[in-house]
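The values are calculated or read from the model by the stated rules, or taken from the named source; none is laboratory data. The model shown is predicted, which means the values in this text are computed figures rather than measured ones. Positions of Cβ are generated from backbone atoms using ideal geometry, with glycine treated the same way; all protein chains shown enter the neighbour counts.
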Amino acid sequence: MTIKVVVGSEILNVVSVYAPKIGLPDDIKNQFWEDLDMVIQDIARNEKLLIGRDFNGHIGVEAGGYDSTHGGFGYGE
C-alpha cells in the first residue's frame, strides 16, 4: 500500500509492505522484491520516502499458534 501526503511544501510517500514468509518458493519472494522496486522507482527523487515494513525475520523459537501466518517462527529467545 502506498499513500502520498503533502506536509507544507514537502511530499512524503509512505509505503507499507509485508514480505512473503519463509518457506515460500523463491519466485514468489523475487516477485515481491521486483514489485517493491517498481513502486520505489515510481517515486520522484525530490519526494521523501518512508517504508514501513515487515520483512518476516525470525523472532523466536515457537510460533505461538500462528504457523500459517507467522512462517513457523514466534516468541521466545
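If the condition is being touching a Leu at 6+ places or on another chain (Cβ under 9 Å) and either within 14 Å of F55 (Cβ to Cβ) or touching a residue at least 12 places away in the same chain (Cβ under 8 Å) (or both), then segment 5-31 contributes L12, N13, V14, V15, V17, A19. When the residues of segment 5-34 are filtered to those that are of a type in the set (D, E, K, R) and surrounded by 11 or more Cβ atoms within 10 Å (Cβ to Cβ), the one that is modelled with the lowest pLDDT is K21. The number of residues in segment 35-66 that are loosely packed, with under 11 Cβ neighbours inside 10 Å, modelled with pLDDT of 85 or more and assigned to a loop (DSSP other than H, G, I, E, B) comes to 4.
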